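The values are calculated or read from the model by the stated rules, or taken from the named source; none is laboratory data. All values reported here derive from a predicted model rather than from experimental measurement. Note that each Cβ is placed from the backbone with ideal geometry, even for glycine, and that neighbours are counted across all protein chains shown.
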Amino acid sequence: MFSSYLKQSKILLKSVPSLRMSSSLAPLDATKLTITTTTSPKEKLPNEKLVFGQTFTDHMLKIAFSFKTGWAAPEIVPYGPLALDPSSCVFHYAFELFEGLKAYKDKNGDIRMFRPDKNMIRMNKSADRICLPTFDSEELTKLIGELLKLDNRFIPSEKGYSMYIRPTLIGTSAGLGVHTPDEALLFVICSPVGPYYKTGFKAVRLEATDYATRAWPGGVGDKKLGANYAPCVKPQLEAAKRGYQQNLWLFGPERNVTEVGTMNFFCAFKDSKTGKNELVTAPLDGTILEGVTRDSILSLARERLNPEEWTISERYCTIDEIAEKSEKGELLEAFGSGTAAIVSPIKEIGYNGKDIQVPLLPGEQSGPLTKQFLTWIQELQYGDVESDWSRVFKTK
Ligand SMILES: *Cc1c(COP(=O)(O)O)cnc(C)c1O
């Protein structure tokens, strides 16, 4: 039943924006960029003072869209407030989506965006889903590159530090009718950020959550829509009252483990009978956000873990399977994955009044595999190991 519903909705969704976008509307065009630089440059915070998403660079990228004319000329302007009509559809019906990706300073002083192509594809899928305009991924990537070059002085060069990039798309049509937005605004802001865990990893305690649901079949949990996030804050507060930092989102009568907070979930099992290990993460069935970090971890695991020792599985595991494996000493590790922290080790999962214990390296805050993935990904992000995952913008 679900699959026929999904197929049908896909056809409907595909046809709407492509029809509208294939007309004579102006495409997004990076060559039309105009730049107005700030007259009051900000003071740059020392690296150790950076708090995630609290300070922003001097400039922002803005591109207006109208369904009459298409994409307007992109503008880089001083960072500052937006003026919007209070009846704008973003405020009332959540016509909003966002992305999160990072740029790194390499040893040559050049700027490296990590896998922006993936974020652009995902952003277009989110836009398509809520009738906001789609755009040429390469053009937006180039424009973000221009913004990064202009605000290059804010990109920290120290290891562990980076520039967090937040592309956002909102419906700006004024009026209270619920319909396709006639106007939209795409903007990009940038925030220099430090390592998520200042003093190395800090393993977290999760509360397995089944009384609230983050995403469901036929819903929009696989899209980065703002509407998915606000409802998840209260369950997090509830978990915090009981001493847990995040929710482990379960789904369905089977209590499948889906995601952790706003990260994808991974765990590693040992099969005592075969001696083989298994790395497990939930499949992309429409309820799971297609994390770029998730994809990077799966690719690296398939490429670099010994296939004689490891099976890599995109399958559901239930919270009961995790509890049972933990009892038997077959739970090796568990962690979350996402752009902000890359990997976030888990040490305990509260479930049914008990805490499932997740092993950590003796005296440390993570397991060996979690650590290995962090190292592998960082080497690629900073360009210490070359790969086609980096999009390099020369600064000289
Ligand atoms: C953004 C996000 C992730 C992680 O995606 P990345 O591309 O790896 O940053 C995972 N789950 C949810 C719900 C998210 O919003």
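Where strands (runs of 3 or more DSSP E) fall entirely within the range 331-388, those with at least 1 residues that are surrounded by fewer than 22 Cβ atoms within 10 Å (Cβ to Cβ) and within 14 Å of the ligand (Cβ to nearest atom) are at 331-338.
Residue by residue, here is whether (1) in contact (Cβ under 8 Å) with a residue 24 or more places away in the chain; (2) within 16 Å of the ligand (Cβ to nearest atom) holds:
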{"position": "Gly177", "(1), (2)": "no, no"}
{"position": "Ala184", "(1), (2)": "yes, no"}
{"position": "Ala203", "(1), (2)": "yes, no"}
{"position": "Thr209", "(1), (2)": "yes, yes"}
{"position": "Trp216", "(1), (2)": "yes, yes"}
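Pro253 fulfils the conditions (1) in a loop (DSSP other than H, G, I, E, B); (2) out of contact with any strand residue (DSSP E or B) (no Cβ under 6 Å at 6 or more places or on another chain); (3) within 30 Å of Trp376 (Cα to Cα) except for a single criterion, (3).
Of the residues Thr209, Thr213, only one is crowded, with 21+ Cβ neighbours inside 10 Å, closer than 27 Å to Val358 by Cα and either of a type in the set (Ser, Thr, Tyr) or under 15 Å from the mean Cα position of the chain (by Cα) (or both); which? Thr209 is the lone residue from the list that is crowded, with 21+ Cβ neighbours inside 10 Å, closer than 27 Å to Val358 by Cα and either of a type in the set (Ser, Thr, Tyr) or under 15 Å from the mean Cα position of the chain (by Cα) (or both).
Looking at Arg304, Arg315, Arg294, which is the one that is more than 16 Å from the ligand (Cβ to nearest atom), of a type in the set (D, E, K, R), within 15 Å of Leu369 (Cα to Cα) and assigned by TED's automatic domain parsing to the domain that holds Glu259? It is Arg304.
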